[in-house]
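Computed from the coordinates by the stated procedures, all read-outs in this text should not be read as laboratory data. It should be emphasised that the depicted structure is a prediction, and the values quoted were computed from it without experimental measurement. With ideal geometry, Cβ positions are generated from the backbone for all residues, glycine too; neighbour counts draw on all protein chains shown.
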Amino acid sequence: MRRRTRTSSGLLALLMVSLMGGTSTAAEAPVSAVTIQVELASEAGAAPVARAVLTATEAGTSLQVLVPGAAAGTTVVIHPGSCEAVGPDIVGLIGEVVTGQAQGVVPVALATLADGAHVVVLHPGIDFETVVACGQIPQTAVEPGPVVEPDPNPDPIVNEECVGTPEWVTTTKAYLQRITDLEQELARQVSSADYLATLASNIGQVQTIVAQLQSERVPASAVDAQQQLIAALQLGVEAAIEITTAFNTTDPTLYQQALTKANDANAQILKVRTAIGQLEGRCPAPVAVIAGGRS
């Protein structure tokens, strides 16, 4: 396990043993590939410990990762950079490894990820500074699909799955921004008294947001993400209440328990952000048409 090298400055804001043959490199791969395999190793030259399979889809790129014997809480994340210098940004959070595998869809084209400048990384939980294993996505020329000329006078088509989704995305992003604002306000407090007072105010505001989320109608495509967001915020409220109690009782065990819940809540919110990105890829907001052209 090693700490990764940053390639840019800044903080990270708030993721069949028989297949283990061969080693991928960043050298150019065969043209026309629509599925790419990546071996992940724990150290340079070490035997592979995982294999990732990337496949082009209409929504972006599907990723399946096999990690036999993965430690509990291991997460899979796509970063820019190389295994020698993993970039701090998160291109796609695939999620936690469960029973030796993880899978998800990243709203980024496979051709973009296969530019020789992206890596698949295993992290211990939400510690995105520590690299458990890494594999470079090889530079691969991915043939684009056939070009279809658009109908100049298309009939309106309604994608039932996407009805209400762009509006939900906009509203949910506003909620998440509000949560970020509350966290930043809390971080600005210097004294314990001010910290606890702000924390109490934040608890009330987050509970109000949860009540609003529970009362809203949610498009079918966003039901899972909405429920995950509600659960994450409720867990965050529990953590905040326990932190307040720990301060007043000087109970270190309760404080550590609260921090664990807070970390879990942050990890869930990160998954919600990834789901939002996926929904935006599948259900983009309609382009507004105004006089004199398209905006």
Exercise. Relative to the Cα centre, what is the charge dipole magnitude of the stretch 161-282, using +1 at the beta carbon of each Lys and Arg, -1 at the beta carbon of each Asp and Glu, and rounding to the nearest 20 debye?
Worked result: 200 debye
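Tell me, SER192, SER42 in order of fewest to most beta-carbon neighbours within 10 Å?
Least to most surrounded, the residues fall as SER192, SER42.
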For this session: Would you mind ranking VAL190, VAL65, VAL49 by Cβ crowding within 10 Å, fewest neighbours first?
Result: VAL190, VAL49, VAL65
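By counting other Cβ atoms within 10 Å of each Cβ, how are GLU183, GLU96 ranked from fewest to most? It would help to have the intermediate numbers written out before the result.
Numbers: GLU183 13, GLU96 17.
Going from least to most buried by this count: GLU183, GLU96.
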